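The values are calculated or read from the model by the stated rules, or taken from the named source; none is laboratory data. Note that the structure is predicted; figures quoted are calculated from it, not measured. So basically every Cβ, Gly included, is an ideal-geometry build from the backbone, and we count neighbours across all protein chains shown.
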Amino acid sequence: MSTRVSGPQSPIVESRDELVTYLEAGSKPETDWSIGTEHEKFGFNVKDHSPVPYYGDRGIGALLDAHHQRFGWQPIRENGNVIALSCLDCPKGGTISLEPGGQLELSGAPLATIHETEEELRQHLSQVGEVARELGIGFLGLGFSPTWTLDELSLVPKERYRIMMRYMPTRGGHGLDMMFRTATVQVNMDFGDEADMVQKLRVALALQPVATALFANSPFTEGKPNGFQSYRAEVWRDTDPDRTGMLPFAFEDGMGFERYVDYALDVPMYFVYRDDRYIDVAGASFRDFLAGKLNALPGVRPTMDDWVDHLSTLFPEVRLKRFLEMRGADAGQFRELVALPGLWTGLLYDRAALDGAASLIADWTAEERQVMRDTVPRLGLATPFRGRTLLPVAREVLTLAQAGLKRRARLNDNGEDETRSLKRLWEILEEGKSPADLLVDAYRGPWDGDIDRLFETQAL
C-alpha cells in the first residue's frame, strides 16, 4: 500500500469528471510503457524463527535505519518512526515500505524490460540481505506466514493501519489475516487508451486465477499443512467484499474509466489525511466526501491526493490506478518473483498475445470466472474447467506469453530475450506441481514434518 508523506495540499476536486480525467491521464504511448514490480516478504529471527517486531535493536525499524545509513535511501517518517525508504531517482530503486505485520515490501521503479526488473531485484535482495544478516534477520518469500499466529504479530507504527485494523473485522472473517499474515508479488502495467485499458483489464481479471494457481505458495498455517495451494488467495475470499473480488461489471457493455470511478466512489473509505494525521472515516463513501457530507469532516471536500489514497485502498484482483495492477500471485522465490512480470508483460505488451488471450477468455461466463476464483485457492492447477483442469489452460496462457516476449525481442547483454524469465513456470507445468506442492512434498518427505526446515531451506 502506498505511503503518504507531508507536503502542499493538492487541488480540491470539484467534480466527478476530474476523477475520471485523473485515471484517463494514465494513458501512454506504447513506447513509454513500463513494468513496475512489487513484492513482499516476511522477516524472521534466524535464531528461533520468530517474527521480527518493528521496535528494538534488531527490529524492522532498525533494519530500515541501517539500510538508510549504508545505502543512502531517504527515510520517510511517521511520528518520528521510519516507516519507509525512498530512492525514486535511482535507475533501479523505488520505495521500501512496511505492510501491517512488518512484511517488507519493495515497490520497484518503472522499468523498460524484465532484464532490468531482475537486476533491480538482485540489487534489493543483496542490500537488504547485507543489513539483515548483521541483525540476525532472514526473509521468507511465501504467500502466508507459515507458523505464526495473529497474537504473535504486532502492528507497525502507521496510523492508517490502526484504522484498518479496527474496521476490517466488521467486513469479513479474514481481514486481519490479510493484513498481518499474507505476502504477494504484484506487477504494474500501462495502457495506451481507454479501449486498451478495458481489454487488458478483462484479460487480466479472467486470467488472474491462472496466475494464482501457477504461483500458489502458501500451504502452511501455524506450522501444519492447511489443505490449500494458496491460502493467501483463500484469505482474500473472506476479506471486505466491498473492495475485493473479480469486478464482474468490467465485462459489461460501457466499461471504461467512468464506470470504474462510479465503482470506486461507492467503496467505503478508511481515512482522510489532514494536518499530518489520519482521520478515521471508515465506512463513509467517497461520493459523500465529494459532496462535502462526511460526518467526521462536515463541509470538507476531497483533494486529488485523497482520491489517490482512496484508490490505493481498493483491493480487487486487478486494480486500476493510472496503471493496472496484477494482484493474484503469492510471494515466492527469486525466479518466481521475476516470472510474474515476465508472464504479464508477454501477455499484455504484445498485441498478438493480448488479442490471443482476449479470444481465449471471450466466452467465459461470469459464473465460470467466479467458480474458478473460488476453487483455485484449494485445488490450484487441478481446478476443473470445462471438462478438463486448469493445467492445460495455463499451458495455453504461458504459450501466448512466451510468444509475446519473443516478439518483443528485448535482449540483455548476453543476447538473451525475456523468455528466460518464464523458465520457472514451464518447469511448474511440466512437473504438474506448484511451489506449494513442492513444499508439502518436502514437509512430508525429507523434512519429516519439521516446519523449521522451511526457514532453513527457503530463505531469500
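When segment 337-369 is examined, which residues are found to be farther than 14 Å from V397 by Cα, in contact (Cβ under 8 Å) with a residue 12 or more places away in the chain and among the charged types (D, E, K, R)?
Answer for segment 337-369, where residues must be farther than 14 Å from V397 by Cα, in contact (Cβ under 8 Å) with a residue 12 or more places away in the chain and among the charged types (D, E, K, R): E368, R369.
Quick check on segment 258-277. Is at least one of its residues in a strand (DSSP E or B), under 17 Å from L23 (Cα atoms) and either of a type outside the set (A, V, I, L, M, F, W, C) or without any contact (Cβ under 8 Å) to a residue 40 or more places away in the chain (or both)?
The answer is no; no qualifying residue exists.
Go through the residues of segment 60-74 one by one and say whether even a single one is closer than 30 Å to G223 by Cβ, among the small types (G, A, S) and crowded, with 17+ Cβ neighbours inside 10 Å.
Yes, segment 60-74 has at least one match.
Can you say whether T383 is at pLDDT 95 or above and more than 20 Å from the chain's Cα centre (by Cα), as far as the supplied structure shows?
Yes, satisfied.
Kindly evaluate G108 against the criterion of being crowded, with 19+ Cβ neighbours inside 10 Å, in contact with a Phe, Trp or Tyr (Cβ under 8 Å, 6 or more places away or on another chain) and not hydrophobic (A, V, I, L, M, F, W, C).
Working: crowded, with 19+ Cβ neighbours inside 10 Å: yes; in contact with a Phe, Trp or Tyr (Cβ under 8 Å, 6 or more places away or on another chain): no; not hydrophobic (A, V, I, L, M, F, W, C): yes.
Answer is no for this residue.
Kindly list, by first and then second residue, each pair from a residue in segment 168-187 that is at positive phi to a residue that is charged (D, E, K, R) and part of a loop (DSSP other than H, G, I, E, B), limited to pairs with Cβ atoms under 9 Å and residues at least 6 apart or on different chains.
Filtered contacts from segment 168-187: G172/R237; G172/D238; G172/D240.
Look at segment 348-379 and say how many of its residues are buried (at least 21 other Cβ atoms within 10 Å of the Cβ) and either on the phi > 0 side of the Ramachandran plot or touching a strand residue (DSSP E or B) at 6+ places or on another chain (Cβ under 9 Å) (or both).
Counting residues in segment 348-379 that are buried (at least 21 other Cβ atoms within 10 Å of the Cβ) and either on the phi > 0 side of the Ramachandran plot or touching a strand residue (DSSP E or B) at 6+ places or on another chain (Cβ under 9 Å) (or both) gives 6.
Yes/no matrix, rows are residues, columns are (1) at pLDDT 95 or above; (2) in a helix (DSSP H, G or I); (3) over 15 Å from the mean Cα position of the chain (by Cα):
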position: D151; (1), (2), (3): yes, yes, yes
position: Y167; (1), (2), (3): yes, yes, yes
position: L176; (1), (2), (3): yes, yes, yes
position: D196; (1), (2), (3): yes, yes, yes
position: R202; (1), (2), (3): yes, yes, yes
position: A216; (1), (2), (3): yes, no, no
position: G227; (1), (2), (3): yes, no, yes
position: D240; (1), (2), (3): yes, no, yes
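Working only within segment 278-296, note down all residues that are free of Cβ contacts under 8 Å to residues at least 60 places away in the same chain and among the hydrophobic types (A, V, I, L, M, F, W, C).
Those that are free of Cβ contacts under 8 Å to residues at least 60 places away in the same chain and among the hydrophobic types (A, V, I, L, M, F, W, C): I279, V281, A284, F286, F289, A291, L294, A296.
Just to confirm my filter: which strands (runs of 3 or more DSSP E) fall fully inside segment 1-91 and include at least 3 residues that are modelled with pLDDT of 95 or more and over 29 Å from S126 (Cβ atoms)?
none
Checking L340 against (1) closer than 22 Å to V440 by Cβ; (2) surrounded by fewer than 16 Cβ atoms within 10 Å (Cβ to Cβ), only one condition comes out false. Which one?
(2)
Output the number of residues of segment 209-240 satisfying the condition of being buried (at least 24 other Cβ atoms within 10 Å of the Cβ), among the polar types (S, T, N, Q) and more than 16 Å from K433 (Cβ to Cβ).
0
Mind telling me which of the residues G328, G346, G332 ends up being under 16 Å from the mean Cα position of the chain (by Cα) and within 19 Å of E118 (Cα to Cα)?
Working: G328 fails: within 19 Å of E118 (Cα to Cα); G346 fails: under 16 Å from the mean Cα position of the chain (by Cα).
Just a single option satisfies the conditions, and that option is G332.
Working carefully through the options V371, V393, V338, V397, find the one that is assigned to a helix (DSSP H, G or I) and more than 26 Å from A250 (Cα to Cα).
From the options V371, V393, V338, V397, the qualifying one is V338.
What pairs come out if I take residues in segment 441-460 that are under 17 Å from F228 (Cβ atoms) and touching a residue at least 12 places away in the same chain (Cβ under 8 Å) and pair them with residues that are of a type in the set (S, T, Y) and in a helix (DSSP H, G or I) whose C-beta lies under 8 Å away, six or more apart or interchain?
A442/T457; I451/Y443; L454/Y443
Which of (1) basic (K, R); (2) assigned to a strand (DSSP E or B); (3) in contact (Cβ under 8 Å) with a residue 24 or more places away in the chain is the odd one out, the single condition R301 does not satisfy?
(2)
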